[in-house]
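J.: Quick one: structure below, then a few questions.
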Amino acid sequence: VSRPGRGSWVSKVSRKDLEEVIEMRTFLEMFGVDLLKKNIEKNPEILERLREIDICEQAANLGPESCLIFHRRLIELAENRKLLALYDVMLTYTRRYQRMAYTIRHGGNCCVEPHSAILEPLIQGDFEKAKEAIRAHQDDAMQKFLANLELSE
């Protein structure tokens with residue numbers, strides 16, 4: 001937050017902001033799954049690119065950033081530049097919470113299990129199950145935040 005003549009400081013983490021970020025991420029990612037379904041039917045190579053995602057390798061090498069990379073990779077594979085541009089805007093907001101969430105949600109371990117719960121159904125063609133896993137992953141994030149952080153209203 002910057003105020004002319006008063007300086008700059010880090011704003012408080014608000015419940016409303018957190019809810020909005022999680023709602024938008026969930027919406028964009030679920031729409032991305034719908035596009036993946038459509039695009040895989042037209043271009044089976046996308047399925048091969050999904051199979052190449054190695055969640056464990058990312059987790060071992062990148063820590064909390066691997067969570068963001070995983071979700072962004074799915075959006076990339078949806079092959080919609082406008083969706084990717086919107087998602088990148090959301091990443092600006094998401095990074096703040098991601099760093100806090102990583103420790104709270106995983107005790108410093110990457111979210112291999114919830115990402116596998118999203119990726120495996122995509123590979124198997126169960127897009128509704130993948131969307132349910134996205135919603136569960138984001139709902140879990142919200143619940144962990146609410147239980148472990150003091151948020152302003």
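What follows is calculated from the coordinates using simple rules that are stated; it is not laboratory data. As the structure is a prediction and not an experimental result, all values here were calculated from the model. When we count neighbours, we look across all protein chains shown, and the Cβ atoms used for this are built from the backbone with ideal geometry, even at glycine.
J.: Which whole-Hz ³J(HN,Hα) couplings does the range 3-8 yield from phi under the Karplus relation 6.51 cos²θ - 1.76 cosθ + 1.60, θ = phi - 60°, glycine and proline marked x?
T.: So the Karplus estimates, Gly and Pro as x, are 10, x, x, 10, x, 10 Hz.
J.: Here's a follow-up. Given points 7 Å out from each Cα along the Cα-Cβ axis, report the ASP140 to LYS12 separation in nanometres with one decimal.
T.: Placing both labels 7 Å along Cα→Cβ, they lie 3.0 nm apart.
J.: Ok, one more. If the reach is capped at under 22 angstrom between alpha carbons, list the lysines near LYS82, excluding any in the same chain fewer than eight residues apart.
T.: Within the straight-line cut-off, LYS82 pairs with LYS37, LYS38, LYS42, LYS131.
J.: Applying the Karplus parametrisation 6.51 cos²θ - 1.76 cosθ + 1.60 with θ = phi - 60° to the phi angles of the range 31-48, what ³J(HN,Hα) value in whole Hz is obtained for each residue in order, glycine and proline being reported as x?
T.: 5, x, 5, 4, 5, 4, 4, 4, 6, 5, 4, 8, 9, x, 4, 4, 4, 5
J.: In nm, to one decimal, how far is the LEU91 label point from the ASP34 one, both placed 7 Å along Cα→Cβ?
T.: 2.3
J.: A follow-up question, please. Mind checking which aspartates and glutamates have their Cα closer than 13 Å to the Cα of LYS16? Skip sequence neighbours fewer than 8 apart in that chain.
T.: Counting by Cα, and skipping residues close in sequence, LYS16 has these aspartates and glutamates nearby: GLU150, GLU153.
J.: Still on this structure, I have one more. Work out from phi, with θ = phi - 60° and the Karplus expression 6.51 cos²θ - 1.76 cosθ + 1.60, the ³J(HN,Hα) of each residue of the range 116-132, listed in order in whole Hz, and give x for Gly and Pro.
T.: Per-residue couplings from phi come out as 5, 5, 8, 5, 4, x, 4, 5, 7, x, 9, 6, 5, 5, 5, 5, 4 Hz.
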